[in-house]
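Could you have a look at this structure, given as structure tokens, before my questions?
What follows draws every value from the coordinates through simple rules; no lab data is involved. Source: prediction; values computed, not measured. Note that we place each Cβ from the backbone using ideal geometry, even for glycine, and neighbour counts take in every protein chain shown.
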């Protein structure tokens, strides 16, 4: 941490503050799963989604998917086993095939679980976002 503080004179102050906040967040112990509201919301064309992952016994399998109002899957942003920690993923407003998604309301769902992945996982959370063009 002292090494990072030594870099402060060489980095613009606003960038250094953001960097140190990220380092601090990464070193904190994650106490629970969480899914934050995307930012910005409404967005065009890119938004960021933050989530946290814990591990009780085995590393959890994480999925983060985007759905339209009809419940149809638009895109899978994350589908892998993750170490405990805080993560940020961006969605560029495109579907699985690279086509731009239409303006409107979308939902994103985080599912996390170990051995129980087949029956829905240990944690599920869903949030709403708005894509405006």
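Sort 95-101, 123-129, 107-113 by packing, meaning the average of other beta carbons within 10 Å per residue, with the highest value first.
Packing order, densest peptide first, comes out as 107-113, 123-129, 95-101.
How do the peptides 45-51, 84-90 rank, highest first, by the average count of neighbouring beta carbon atoms within 10 Å per residue?
45-51, 84-90
Using only Cα atoms, figure out Rg for segment 65-113 and give it as a multiple of 2.2 N^0.38 Å.
So the Cα radius of gyration is 1.23 times the expected 2.2 N^0.38 Å.
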